[in-house]
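The values are calculated or read from the model by the stated rules, or taken from the named source; none is laboratory data. Quantities reported herein were computed from a predicted structural model and do not represent experimental measurements. Backbone-built Cβ (ideal geometry, glycine too); neighbour counts: all protein chains shown.
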Amino acid sequence: MADSSKLIHDLKHAANYAKLGMRDLGPRSFKKGQGALIKVVYKFSEDSTVCKEKLERVLGWRGKDVRHVAEKAERNGYVTIQDPEYKFLVSLTDKGKQVIQKRMKAEDRAADAILEALSAEERQQLQNITEKICKTCEELGVDYSQIKECKGGKGCRKQKREGGRKGCCGHGRRHGHGAKAVIVIK
């Protein structure tokens, strides 16, 4: 294996460990459902209000799923829904803002735990290196939007067992579902 190939393999290996670490150490409520919804509302709005279409785009959900989760979050007091007809706006409540800030702190603690072996200088070097890799790939014509969330398919045993398409069961490549990605919110 060439040095470049081995380095890319090691980088991918480290990224996979980091993803697993964030999943194991980080807050679970950001991954799906109400937690994902309130995180998107918090991150993608100036006044903590987001329209249904933007939620559909960012989360990759169908309209009826966005409505269902938003109504559940409203019942729990995390959001309010304005204009509840076809197009609606979702706003965070004070309780929702408190929850999201608590979860963001938990996510930061998990990231700090994963990177605690690195000094501040090494973290900055890692940041610069990853930015250079991304920039080089963009210059080579690599389209990051090709990474899509795995939705499962016919070969997925978990979906057959549960009776429908509910998202990837975590072993998508083995069943030919395609690439799997995590929603990255900066």
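Quick check on the stretch 68-89. Is at least one of its residues among the aromatic types (F, W, Y), surrounded by 19 or more Cβ atoms within 10 Å (Cβ to Cβ), assigned to a helix (DSSP H, G or I) and touching a residue at least 24 places away in the same chain (Cβ under 8 Å)?
Taking every residue of the stretch 68-89 in turn, none turns out to be among the aromatic types (F, W, Y), surrounded by 19 or more Cβ atoms within 10 Å (Cβ to Cβ), assigned to a helix (DSSP H, G or I) and touching a residue at least 24 places away in the same chain (Cβ under 8 Å).
Please work out which one of (1) over 19 Å from the mean Cα position of the chain (by Cα); (2) loosely packed, with under 12 Cβ neighbours inside 10 Å; (3) at pLDDT 50 or above is the condition L115 fails and give its number.
With (1) over 19 Å from the mean Cα position of the chain (by Cα); (2) loosely packed, with under 12 Cβ neighbours inside 10 Å; (3) at pLDDT 50 or above applied to L115, the lone miss is (2).
Would you say K12 is in the same structural domain as I114 (by TED's automatic domain parsing), of a type in the set (K, R) and modelled with pLDDT under 85?
Here the answer is no, as K12 does not meet what is asked.
Scan the stretch 32-41 for residues that are more than 12 Å from the chain's Cα centre (by Cα) and free of Cβ contacts under 8 Å to residues at least 60 places away in the same chain and jot them down. Before the answer, list the steps.
Here is the first cut: in the stretch 32-41, the residues more than 12 Å from the chain's Cα centre (by Cα) are 34, 38, 41.
Listed by number, the residues that qualify are Q34, V41.
With respect to D24, is the statement that it is at pLDDT below 85, more than 14 Å from the chain's Cα centre (by Cα) and surrounded by fewer than 13 Cβ atoms within 10 Å (Cβ to Cβ) true?
Values: at pLDDT below 85: yes; more than 14 Å from the chain's Cα centre (by Cα): yes; surrounded by fewer than 13 Cβ atoms within 10 Å (Cβ to Cβ): yes.
Considered against the rule, which asks whether it is at pLDDT below 85, more than 14 Å from the chain's Cα centre (by Cα) and surrounded by fewer than 13 Cβ atoms within 10 Å (Cβ to Cβ), D24 comes out as yes.
Assess whether I100 counts as being aliphatic (A, V, I, L, M), part of a helix (DSSP H, G or I) and loosely packed, with under 12 Cβ neighbours inside 10 Å.
Criteria not met by I100.
Please go through the stretch 42-59 and pick out each residue that is among the aliphatic types (A, V, I, L, M), in a helix (DSSP H, G or I) and touching a residue at least 40 places away in the same chain (Cβ under 8 Å).
Initially, the stretch 42-59 is screened for residues among the aliphatic types (A, V, I, L, M), giving 50, 55, 58-59.
Within this subset, residues satisfying the condition of being in a helix (DSSP H, G or I) are 55, 58-59.
Passing the criteria: V58, L59.
Taking the criterion of being closer than 19 Å to K87 by Cβ, in contact (Cβ under 8 Å) with a residue 12 or more places away in the chain, assigned by TED's automatic domain parsing to the domain that holds I133 and out of contact with any Cys (no Cβ under 8 Å at 6 or more places or on another chain), would at least one residue in the stretch 15-28 satisfy it?
Here is the first cut: in the stretch 15-28, the residues closer than 19 Å to K87 by Cβ are none.
Taking every residue of the stretch 15-28 in turn, none turns out to be closer than 19 Å to K87 by Cβ, in contact (Cβ under 8 Å) with a residue 12 or more places away in the chain, assigned by TED's automatic domain parsing to the domain that holds I133 and out of contact with any Cys (no Cβ under 8 Å at 6 or more places or on another chain).
How many residues are farther than 15 Å from K97 by Cβ and either at pLDDT below 70 or part of a helix (DSSP H, G or I) (or both) if we restrict to the stretch 31-41?
Applying the first criterion (farther than 15 Å from K97 by Cβ) to the stretch 31-41 yields 31-33, 36.
The next check asks that each one be either at pLDDT below 70 or part of a helix (DSSP H, G or I) (or both); those that pass are 31, 33, 36.
Of the residues in the stretch 31-41, 3 are farther than 15 Å from K97 by Cβ and either at pLDDT below 70 or part of a helix (DSSP H, G or I) (or both).
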